[in-house]
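The values are calculated or read from the model by the stated rules, or taken from the named source; none is laboratory data. Here the structure is a predicted model, which means the values were calculated and not measured. Every residue, glycine among them, receives a Cβ derived from its backbone with ideal geometry; neighbour counts consider all protein chains shown. Side chains are part of the model used for accessible areas, which takes the heavy atoms of the whole protein and leaves out ligands, DNA and RNA. Shrake-Rupley method; radii C 1.70, N 1.55, O 1.52, S 1.80 Å.
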Amino acid sequence: MHLQHRMIRLRWLALALLLTVTPATAQQGELLTGAGAHSSWVVFDKLKPVLEKSGDYSLKLFGKQSMLGVGCNAGIKSVMQYSAKQETFGFVCCKLDDEEVRKKNLQVFPLALEPLMILSHEENPVNNLSINQIRDIFSGKITNWKDVGGNDQAIVVVTRLHCKKRPGHWKRILPSPDSFTGKRINVQSADEMVKRVGDFKAAIGHAGTAWLRGDNSRTKIITVDGYMPTVKNLQAGSYPFYRELSAIIDKNASDKLKNLMRTAQQEMLTTRAFTEHQLAPHFSLKK
Amino acid sequence: MLHLKTFRARLIFYILLISTFLSIALGTSFWHVRDILLEESNNQLSRTANLLDTYLVAEQRELERYANIVRDDLRIQEYMYIVTEIGAERGPLDKLLSEQFGWLPIDNNILTDKSGKIIGGHKTSVITDITQHHGNTPGVKLEYVNTNNGFELVACAPVYYLEQLLGYIVISRSYDTVKLRELENISKGRVFITLNNTISLSTIPSAINKSIDPQKLVLSLLNDSFFLRQVNLSDNAGQQSPAFYFGVSEVYLLETIHDFSRLTFATVVIGVLSILLLGMFFLRDFDRPIKELLSVTDAVAQGKLPTVNKIVPRNEIDALSNRFADMVQSLREQQTLISKAHSKLETLAITDTLTNLYNRRHLLEVFPKLQAQAQRDGTSLAAIIIDIDHFKDINDEHGHLAGDQCLMEFSALLRSHSRTNDYLFRLGGEEFLIVTLGENVEGVYAAAEKIRKATEQTPVQYGKTDITMTISCGICVEHPTGTKEESLNRLLHHSDNALYLAKQTGRNKVIVHLHEDETDQQGTA
């Protein structure tokens with residue numbers, strides 16, 4: 001366990017170094033730096049040309065590798081480093097609760113909804129599971145694939161239970177870490193998740209659709225009650241697992257930064273460039 | 001004390017002395033170095049044993065570190081958890097272990113579950129019960145394990161995930177003959193591994209199962225024996241750990257000493273031979289010219305002047321030899337001058353300076369020879385005494401210079417009318433003598449007469465004056481008897497008597513002395 005903590009500390013250190021070094025190379029007041037969760041980074045990375053064109057600034061974005069960003073906490077950390085000379089903002093992949101927003105003096109700009117994929121090994125004969133079967137598997141009630149029509153193999157549960165105090169995300173599968181089976185492995189990034197599930201034929205895991213698994217991945221997506229994790233199924237209310245992607249800034253940040261966030265929200269609504277990542281505009285979900 | 005009188009003897013003595021010193025020095029050096037070699041070998045044995053100890057302990061620490069590296073890898077922990085706790089296949093764990101840690105310089109790596117059952121790894125022949133008595137201590141346990149091929153140094157570390165013991169990582173390094181050779185190459189000696197004081201692993205097959213007495217520390221084999229030092233292994237592993245011994249071959253040591261002795265002996269021989277050879281060359285270069293110089297000086301001392309050729313000088317002796325050559329040449333030139341001067345003096349001593357005819361002194365010297373020859377040949381000796389008539393009147397009338405010229409020209413006339421075996425003398429003043437060998441009286445008389453007539457007919461020109469001279473001659477011919485003085489006196493006396501008679505009877509005539517049974521023969525102009 002101590003090694004995991006050490007790795008996390010190293011990632012924080014790397015991020016802090018990057019954020020510290022960046023302003024020194026930038027033009028005064030013209031560089032805006034964003035960092036945090038990969039999925040939200042994807043939104044800004046896609047919109048970067050449009051956003052930079054809309055204002056008199058350039059964007060420096062960190063979050064391509066989820067390993068580097070360490071998710072939402074890196075986004076919040078980025079905001080905490082905000083100053084007039086060093087304008088920073090953050091990416092989060094969870095809905096922040098009101099108390100955290102108030103305590104950390106944050107302003108949240110919801111961006112998109114991202115379906116959560118249920119992943120298994122590509123050789124696993126099971127292609128579809130019901131929502132209850134998925135919850136039973138992750139909770140440990142079902143421990144063998146044969147119980148859901150698969151091979152007689154013990155199910156290897158791989159989780160990434162980050163942002164434990166924030167609502168949404170994996171909590172739409174099971175509400176708390178304790179609800180998950182104890183016989184599981186918990187990874188630190190989407191990249192590790194895809195590798196672990198790809199390594200073990202009996203593995204099952206979850207990851208946001210914004211994470212592109214790559215052609216060499218030995219994973220496949222399990223449909224939930226027959227639905228794939230697509231924008232369409234999400235917007236139709238047919239697919240149950242998703243998370244909310246947001247950008248966050250210091251509540252007292254400059255108007256320039258706030259305008260940037262609003263522009264991003266607006267572009268997210270009007271742009272259809274996110275089909276590859278299956279990202280839906282934030283307000284498009286049917287209640 | 002040695003009495004070395006010659007430089008040659010001294011030189012030989014010095015050469016022998018240097019050779020002896022060289023032999024003694026190298027011999028002493030050999031014995032000294034031999035002792036040092038033996039002592040140093042002993043020290044080296046201990047030092048190398050300590051180095052081996054350090055090396056083996058470092059290998060233990062290295063293996064321990066590798067075990068920790070594998071144990072602390074998060075993915076290894078996760079995969080072991082998946083295999084041991086969830087029951088998934090071990091393939092991904094094997095693959096991960098191979099990909100992630102295949103580079104480690106170890107011979108075996110194994111992953112086991114808590115019960116010791118293998119769940120991953122390679123070369124599983126070294127499975128031991130090490131995991132059984134490792135317990136749950138978090139550290140790495142090291143142990144030497146006996147195998148069919150030798151020993152394995154095994155490092156075993158427990159693997160935890162979520163604070164739960166999953167199993168063990170077991171890695172090992174083989175100690176077989178290959179490894180021993182590696183150690184022997186490093187240590188430049190032999191390494192023996194024993195178990196209970198019995199050799200169980202060695203690169204020398206005959207050493208296997210031989211006992212080693214830890215007190216004696218000597219291993220005797222059929223063809224060799226070894227001085228041993230135990231490698232202390234200050235950080236030994238396991239209760240049944242093997243003992244390591246480092247050994248140096250006694251034969252090797254002795255061969256080293258023998259090699260050194262041979263080298264020393266060869267150096268002595270070559271050194272002494274070189275000194276002797278150089279000394280011989282030096283002696284030859286030194287001795288030969290000295291001998292030549294001595295022979296030259298001996299010859300010079302004996303009055304000889306040998307030819308000494310000059311040479312291109314290469315050293316001081318050559319230069320000295322050349323000086324000798326110069327000196328001998330100079331002596332030769334001086335001797336030539338002296339000989340010439342001597343010859344001149346000799347000539348002057350027997351010659352009349354005015355007429356260049358022999359003087360009376362030479363008559364005394366040459367007469368004994370003539371007498372002896374006449375006696376030997378049985379012939380006679382003849383003497384003609386000639387006196388210029390009225391010579392005093394010439395001096396008085398024309399002066400002494402004119403008289404001298406008359407004497408000189410008469411001498412020339414005598415010389416021109418004499419024969420090869422005639423000896424011509426000026427006895428003094430205007431009196432001359434001719435001594436000849438083996439003539440009869442008639443022949444002598446004819447010769448005298450011929451001279452008389454030539455004198456009378458050949459006037460001497462002195463200035464514008466012709467001076468006509470006549471001579472009177474007295475002849476004696478006889479067989480020499482008695483002593484040389486008697487014979488000469490008698491010959492001169494008789495000739496002189498005949499001359500007197502010629503003077504008394506009118507001059508310008510030749511009178512022959514006749515012995516008692518003869519009458520004096522007279523001839524006139």
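Among (1) more than 14 Å from chain A (Cβ to nearest Cβ); (2) more than 60 Å from the chain's Cα centre (by Cα), there is one condition B:PHE192 misses while meeting the rest; what is its number?
So the condition that B:PHE192 fails would be (2).
Name the pairs whose Cβ atoms lie under 9 Å apart, with the first residue in region B:153-169 and within 10 Å of chain A (Cβ to nearest Cβ), the second open to solvent by 10 Å² or more (accessible area, probe 1.4 Å) and assigned to a strand (DSSP E or B), and 6 or more positions between them or separate chains?
B:LEU162/A:ASN186
Suppose we keep only residues that are within 14 Å of another protein chain (Cβ to nearest Cβ) and either closer than 17 Å to A:ARG243 by Cβ or surrounded by fewer than 19 Cβ atoms within 10 Å (Cβ to Cβ) (or both) within region A:196-229. Which one would you say is nearest to the chain's Cα centre (by Cα)?
Taking region A:196-229 and keeping what is within 14 Å of another protein chain (Cβ to nearest Cβ), we get A:196-205, A:218-219.
Next, only the ones that are either closer than 17 Å to A:ARG243 by Cβ or surrounded by fewer than 19 Cβ atoms within 10 Å (Cβ to Cβ) (or both) stay: A:205, A:218.
Working: A:GLY205: 14, A:ARG218: 21 Å.
Selected residue: A:GLY205.
Sort out which residues of region A:143-163 are within 13 Å of chain B (Cβ to nearest Cβ) and of a type in the set (Val, Ile, Thr), and write them in order of number.
A:THR143, A:ILE155, A:VAL156, A:VAL157, A:VAL158, A:THR159, listed by residue number.
What single numbered condition from (1) open to solvent by 40 Å² or more (accessible area, probe 1.4 Å); (2) within 14 Å of another protein chain (Cβ to nearest Cβ); (3) of a type outside the set (Asp, Glu); (4) touching a residue at least 24 places away in the same chain (Cβ under 8 Å) fails to hold for B:MET80?
(1)
Select, from B:ASN146, B:ASN68, B:ASN136, B:ASN109, the only residue that is modelled with pLDDT of 90 or more and either farther than 23 Å from A:ASP199 by Cα or surrounded by 15 or more Cβ atoms within 10 Å (Cβ to Cβ) (or both).
Values: B:ASN146 fails: modelled with pLDDT of 90 or more; B:ASN136 fails: modelled with pLDDT of 90 or more; B:ASN109 fails: modelled with pLDDT of 90 or more.
Result of the check over B:ASN146, B:ASN68, B:ASN136, B:ASN109: B:ASN68.
State all residues of region A:118-137 that are open to solvent by less than 10 Å² (accessible area, probe 1.4 Å) and away from chain B (no Cβ under 14 Å); if no residue qualifies, say none.
Step one: list which residues in region A:118-137 are open to solvent by less than 10 Å² (accessible area, probe 1.4 Å), which gives A:118-121, A:124, A:126, A:129, A:134, A:137.
Correct list: A:ILE118, A:LEU119, A:VAL126, A:LEU129, A:ILE134.
If you take just the strands (runs of 3 or more DSSP E) that sit entirely in region B:197-281, which of them hold at least 1 residues that are open to solvent by 50 Å² or more (accessible area, probe 1.4 Å)?
Numbers: elements: B:198-201, B:218-220, B:225-231, B:243-249.
By residue number, B:218-220, B:225-231.
Name the residue that is farthest from the other protein chains (Cβ to nearest Cβ), counting only residues in region B:91-101 that are open to solvent by less than 50 Å² (accessible area, probe 1.4 Å) and not charged (D, E, K, R).
Just the residues of region B:91-101 that are open to solvent by less than 50 Å² (accessible area, probe 1.4 Å), to begin with: B:91-94, B:96-97, B:101.
Still in the running and not charged (D, E, K, R): B:91-93, B:96-97, B:101.
On the way: B:GLY91: 9, B:PRO92: 4, B:LEU93: 9, B:LEU96: 8, B:LEU97: 12, B:PHE101: 16 Å.
For region B:91-101, the residue satisfying everything is B:PHE101.
Within region B:290-310, is even one residue in contact with a helix residue (DSSP H, G or I) (Cβ under 6 Å, 6 or more places away or on another chain), over 23 Å from B:PHE30 (Cβ atoms) and in contact (Cβ under 8 Å) with a residue 60 or more places away in the chain?
Step one: filter region B:290-310 for residues in contact with a helix residue (DSSP H, G or I) (Cβ under 6 Å, 6 or more places away or on another chain), giving B:293, B:296, B:305-306, B:308, B:310.
From what's left, over 23 Å from B:PHE30 (Cβ atoms): B:293, B:296, B:305-306, B:308, B:310.
Now drop any that are not in contact (Cβ under 8 Å) with a residue 60 or more places away in the chain, which leaves none.
No, that holds for no residue.
Can you go through A:ARG166, A:ARG160, A:ARG172, A:ARG102 and tell me which one is of a type outside the set (Asp, Glu), surrounded by fewer than 17 Cβ atoms within 10 Å (Cβ to Cβ) and in contact (Cβ under 8 Å) with a residue 40 or more places away in the chain? Show your work before the answer.
Working: A:ARG166 fails: surrounded by fewer than 17 Cβ atoms within 10 Å (Cβ to Cβ); A:ARG160 fails: surrounded by fewer than 17 Cβ atoms within 10 Å (Cβ to Cβ); A:ARG102 fails: in contact (Cβ under 8 Å) with a residue 40 or more places away in the chain.
So the residue among A:ARG166, A:ARG160, A:ARG172, A:ARG102 that is of a type outside the set (Asp, Glu), surrounded by fewer than 17 Cβ atoms within 10 Å (Cβ to Cβ) and in contact (Cβ under 8 Å) with a residue 40 or more places away in the chain is A:ARG172.
Here are B:ALA25, B:ALA88: which of them is more than 14 Å from every other protein chain (Cβ to nearest Cβ), open to solvent by less than 70 Å² (accessible area, probe 1.4 Å) and either modelled with pLDDT under 85 or over 30 Å from B:LEU217 (Cβ atoms) (or both)? Before you say what the answer is, go through the steps one by one.
Values: B:ALA88 fails: more than 14 Å from every other protein chain (Cβ to nearest Cβ).
Being more than 14 Å from every other protein chain (Cβ to nearest Cβ), open to solvent by less than 70 Å² (accessible area, probe 1.4 Å) and either modelled with pLDDT under 85 or over 30 Å from B:LEU217 (Cβ atoms) (or both) holds for just one of B:ALA25, B:ALA88, which is B:ALA25.
Search region A:164-195 for residues being touching an Asp or Glu at 6+ places or on another chain (Cβ under 7 Å) and more than 18 Å from A:ARG135 (Cβ to Cβ), and hand back the single one that is nearest to the other protein chains (Cβ to nearest Cβ). Show your work before the answer.
Taking region A:164-195 and keeping what is touching an Asp or Glu at 6+ places or on another chain (Cβ under 7 Å), we get A:166-168, A:183, A:185.
With more than 18 Å from A:ARG135 (Cβ to Cβ) added as a condition, the list becomes A:166, A:185.
Working: A:ARG166: 23, A:ILE185: 5 Å.
Here the answer is A:ILE185.
When the residues of region B:306-357 are filtered to those that are touching an Asp or Glu at 6+ places or on another chain (Cβ under 8 Å) and under 29 Å from B:LEU424 (Cβ atoms), which remaining residue is most open to solvent (accessible area, probe 1.4 Å)?
The extreme case among them is B:LEU354.
Please enumerate the residues belonging to region A:230-259 that are exposed (fewer than 15 other Cβ atoms within 10 Å of the Cβ), free of Cβ contacts under 8 Å to residues at least 24 places away in the same chain and farther than 30 Å from A:MET80 by Cα.
Result: A:LYS232, single match.
Can you name the number of the only condition in (1) touching a residue at least 24 places away in the same chain (Cβ under 8 Å); (2) open to solvent by less than 50 Å² (accessible area, probe 1.4 Å); (3) closer than 20 Å to B:GLU89 by Cα; (4) touching a strand residue (DSSP E or B) at 6+ places or on another chain (Cβ under 7 Å) that A:GLY140 fails?
It fails just one condition, (4).
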